[in-house]
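The values are calculated or read from the model by the stated rules, or taken from the named source; none is laboratory data. Since we're looking at a predicted model, the values are computed, not measured. FYI the Cβ positions are ideal-geometry reconstructions off the backbone, even for glycines, and counts take in every protein chain you see. These area figures cover heavy atoms from the full protein model, side chains too; ligands, DNA and RNA do not enter into them. Shrake-Rupley method; radii C 1.70, N 1.55, O 1.52, S 1.80 Å.
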Amino acid sequence: MPTLAIVGAGPGLGAAVARRFAREGFSVALISRDQDKLDALAADLGTEGVTARGYAADVRDGAALERALTRAATELGPITALQYSPLPSRDYLKPVLDLTPELALESLRFSALGLIHAARAVLPAMRAAGEGSIVLINGGTSVQARHGFAGTSVAFPAESAYGEMLHDALADEGVRVVQLVIPGAIPKLRYTLDEVADRIWDLHAGADEFRTMLIPLDEGRE
């Protein structure tokens, strides 16, 4: 059974994506910091027939994240799809004049460096199999910096750059690396969570371009 790993799993979009991939025969590894919340989410999904298991890890601790992904692959099956979508701390949404070097480094660990650790954990098996996908979920500051959202305006573009380089480097190997940009909070958008999950499945299954905008950037409400 192929496995989807969701880094930043929660009861909203993460659960919707888990259900969508489960319909295609995937088991689901749920990764976030709180094991109790993950266990509860896995149990809820289990009542819907989703094979899911939680693996606690903080994305700012790269070694812990790699261990969680390795354990998930061992227990559930090869990770064929990775969704990297941890929810940024509100501290990363402070004005640029309040941004400290320490906070900038933390936001980079959370976004770009966390993705690098996750990719290094899953890519060897994907490349050996000649198939797989990594889907980045980012807000609008990955495309356009905003001085009121300094942390993500620094970190999301770095994450995007790494993802786009992977997209180009792996284009001929059957491994797809793509990004879905969601400019604004999903509940305020014109799509339901299930519709966004459908879009993520489509990106996993057949996207060619690196970046897809869920809605135009100027319609976002971050």
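Counting only protein heavy atoms and using a 1.4 Å probe, the accessible area of TYR92 comes to about 0 Å².
The value of relative contact order for the chain, using C-alpha pairs under 8 Å at least six residues apart, is 20 percent.
From the coordinates of this entry, Rg and Dmax of the Cα atoms in Å is computed, and it appears in [x] 18.4, 71; [y] 16.2, 49; [z] 18.7, 62 under the label [y].
Here the Karplus curve 6.51 cos²θ - 1.76 cosθ + 1.60, taken at θ = phi - 60°, turns the phi angles of the range 46-61 into couplings of x, 5, 9, x, 8, 7, 9, 8, x, 9, 6, 6, 9, 5, 6, 9 Hz, with x standing for Gly and Pro. Compared with the dominant principal axis of the Cα atoms in the chain, helix 114-129 is inclined by about 40°.
Using the Cβ-Cβ distance between ALA40 and ALA125 with R0 set to 25 Å, the FRET efficiency works out to roughly 0.30. Kirkwood-type hydrodynamic radius, the range 68-118: 12.9 Å, calculated from all non-identical alpha-carbon pairs. Quote to one decimal, in nm, the extra length available between GLU173 and ALA205 on full extension: 0.36 nm per residue of separation minus the C-alpha distance between them. That pair, GLU173 and ALA205, stretches by 10.1 nm at full extension. Relative contact order for the range 9-111: 22 percent, from Cα pairs under 8 Å spaced at least 6 residues apart, divided by residue count. In this structure, the amide hydrogen of LEU136, modeled 1.01 Å from its nitrogen in the peptide plane, lies closer than 5 angstrom to those of TYR84, VAL178, GLN179, LEU180, counting only residues at least 5 positions away or on a different chain.
Backbone geometry of the range 18-28 corresponds, through the Karplus equation with coefficients 6.51, -1.76 and 1.60 at θ = phi - 60°, to 3J(HN,Hα) couplings of 4, 5, 5, 6, 4, 5, 9, x, 8, 8, 10 Hz, x marking Gly and Pro. Counting other Cβ atoms within 10 Å of each Cβ, which trypsin sites (Lys or Arg not before Pro) in the range 1-88 have at most 13 and sit in a DSSP loop? Those satisfying the criteria are ARG23. Across the alpha-carbon atoms of the range 105-222, the computed radius of gyration and Dmax are 14.4, 43 angstrom. Convex hull volume of the C-alpha atoms in the range 1-60, normalised per residue: 63 Å³.
Centroid-to-centroid, using Cα positions, the range 24-52 and the range 149-173 are 27 Å apart.
Counting only protein heavy atoms and using a 1.4 Å probe, what share of the accessible area of the chain belongs to carbon plus sulfur, as a whole percent?
51 percent
Filter the GluC sites (Glu not before Pro) in the range 14-77 to those in DSSP coil with at most 15 other Cβ atoms within 10 Å of their Cβ, and list the result. In loop regions of the range 14-77 (DSSP not H, G, I, E or B), the sparsely surrounded GluC sites (Glu not before Pro) are GLU24, GLU48.
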